[in-house]
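One structure is given below, encoded as structure tokens.
The values are calculated or read from the model by the stated rules, or taken from the named source; none is laboratory data. All figures in this text were calculated on a predicted structure; none of them were measured in a lab. Neighbour counts run over all protein chains shown; Cβ positions are idealised from the backbone, glycine included. Accessible surface areas use protein heavy atoms only, side chains included; no ligands, DNA or RNA. Shrake-Rupley method; radii C 1.70, N 1.55, O 1.52, S 1.80 Å.
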Amino acid sequence: ASRQAQLMEVLKKEVRAMLIAAKAGLTPEQLEEQYMAMVCKPLPLRDLGFQSALELVTQMPEVVQICSAKNGALILKAIADDSTKGIAKLVANQKVKTRKASKKTATKANSTFSTKNSKNPQSFQTLNSGTPVLPAVVKAELQDLLSSSPLLLADLDKAFLRRFGRAFQYRQYGFLSIFEVLRSMSDSIAVEQTKAGSLLVLRKYLASKIEQQEVPQTSAAEMPSLEPTCETKSCYQAATPMDSEPVQTPAVDLGDHLKQHQGLGQFPPTPEIPPDAVQDRSLCSLPPLKRRCLVGVIVEFIVSPSQFYIHVCSTEASYKLQDLMFEMRHVYSHKVASDKYIMPESAVRPGQLCCVMVSKWWYRVIIHRVINDQEVEVFYADYGHLQIVQKSWLRFLKWHYLKLPAQAIPCSLAWVKPVEGTWSSAAILLFKHLCRFKEFVGIVDEYVDGVLYLFLCDTSTKEDVYFHSVLRDMGYADVCGENIPSQEFEELNPSALYVQPSGKQGNAEVGEPALRLQQESRDADSETATLKLNGAEL
């Protein structure tokens, strides 16, 4: 009984945190889905003797208000307590994301963080904080869906479900309608009006139709030549390391190779390792950001407020990552090319940079550990998480896919520490909700052992919301005015293990996009920033 009571109290905090973060409330089904997504386990209904989520929340009258929507659906909304009233008010004041609101947000971010000596006062209008953002994988999926031919808007949902095996649930990324999604991708997807209705056309498809009239199309047999496509070749034109330094190709004993893997079907015999296969090189990291500079960021993966990974928002960088994923899928989807880059058992070892196929997409990964004869654990250098995958899904990485720096930046929230020594599940859940599918303003504090400590601010509300203040006001964190080394990163920091610091890869051009981004960033006025962070916010 006491265990159930304790579990119920923890659950009340988690449910209140989830509902407070959802301005419009959640249905009972959405509550179950979001709990599973955030906590990675289902609601403990049976442990507490309940049959459904609705039955559970009826026993939380001080936490959950049950309302009826116009369509008759039940909506669950949070009842704030004394410690959460301020947070609930901030969420309630959140603006509806329209084009007009986005302009106001950009203007406010610019006026709040502009500097007296800035040479380009408009530089931060590109930090469209608070606007919904589609993950890079979803953008690539939409582009892939339209790459073969245009598609009627009315057929989009069915086509997406048929191709990827799931519905296109754009609302979970913060969009209110499919038209908002299309506006956010207007640089890559065009909408044309036809008699049959709105037609979605990939802009690259329009360009390729013109090129096909002038340039003969490459035959399928020539496709495994593994040269970059015309759209992405400019991203990889710089000379590869193999141009100046020959790659030593180890000899492979085919007899032993066949005997070792006979009947397993996971490592077909390869005559030799391709000369452009990466064997003993590492990805480099993005160049460090300047102290107190402001950057647009998207939080990609979260373990806790002391361990998470971000992407720095830059049109050029995001395009290059999408182009990389597109080209890798194009190259490795051809069986001849894919078989050519199969990794022998001797190459499947910790620290090996390679690529892996998951759900038909290819990602750059580093092998972290070998689990058994069939499985390995890999680190996703562009997204920040670890995952166990099949050895048979691995392939050597081609040299020119080494050019783009690892895009995931290991981070810790600056100036905070958990009140209980370790972060509670409720604190982690709240932090995940705060970071969910949005672009924020990041204020760089410092680097400690390769980990970026920064403040995160949501400027999409009437009042700027600093995440360290939210965690403090909820009673989950103490603001300590200094950066406590992250215990989680001290235990394991794959980026520090496997990714070389910027400039140590031996390729001066590898970090060029990020360097330009850094040069475009502006230092916040030290006095103003200090007053802002040490004043009302702290």
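The figures follow:
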| quantity | calculated |
| --- | --- |
| Sum of side-chain charges, Ile189 neighbourhood, beta-carbon under 11 Å (Lys, Arg +1; Asp, Glu -1) | +2 |
| Anisotropy class of region 3-93 from Cα gyration tensor, a/c 1.5 cut | oblate |
| Rg/Rh for region 310-406, where both radii come from Cα atoms and Rh is the Kirkwood radius | 0.96 |
| Cβ-defined net charge surrounding Lys41, 13 Å radius [Lys, Arg +1; Asp, Glu -1] | -3 |
| Mean accessible surface per residue for region 283-491, computed with a 1.4 Å probe while every protein chain stays in place, in Å² | 33 |
| Contour minus Cα-Cα distance for Ser68 and Arg329 (0.36 nm per residue) | 89.4 nm |
| Segment Leu492-Leu386, length gained on full extension (0.36 nm per residue, minus Cα span) | 37.1 nm |
| Solution diffusion estimate, µm²/s, Stokes-Einstein, region 136-204, Kirkwood Rh from C-alpha pairs, 37 °C, viscosity 0.692 mPa s | 268 |
| Distance between modelled label sites at Lys158 and Gln51, nm, 7 Å Cα→Cβ extension | 3.8 |
| Share of pairwise Cα separations in region 363-431, more than 14 Å, in percent | 70 |
| Cβ crowding within 10 Å averaged over residues, with 57-69, 376-388 ranked highest first | 376-388, 57-69 |
| Computed FRET value (nearest 0.05) for Val336 with Leu176, which takes r as the C-beta separation and R₀ as 41 Å | 0.35 |
| Stretch gain in nm, segment Arg369-Thr27, where the contour uses 0.36 nm per residue and the Cα spacing is subtracted | 119.0 nm |
| Radius of gyration and Dmax over the Cα atoms of region 283-491, both given in Å | 18.8, 58 |
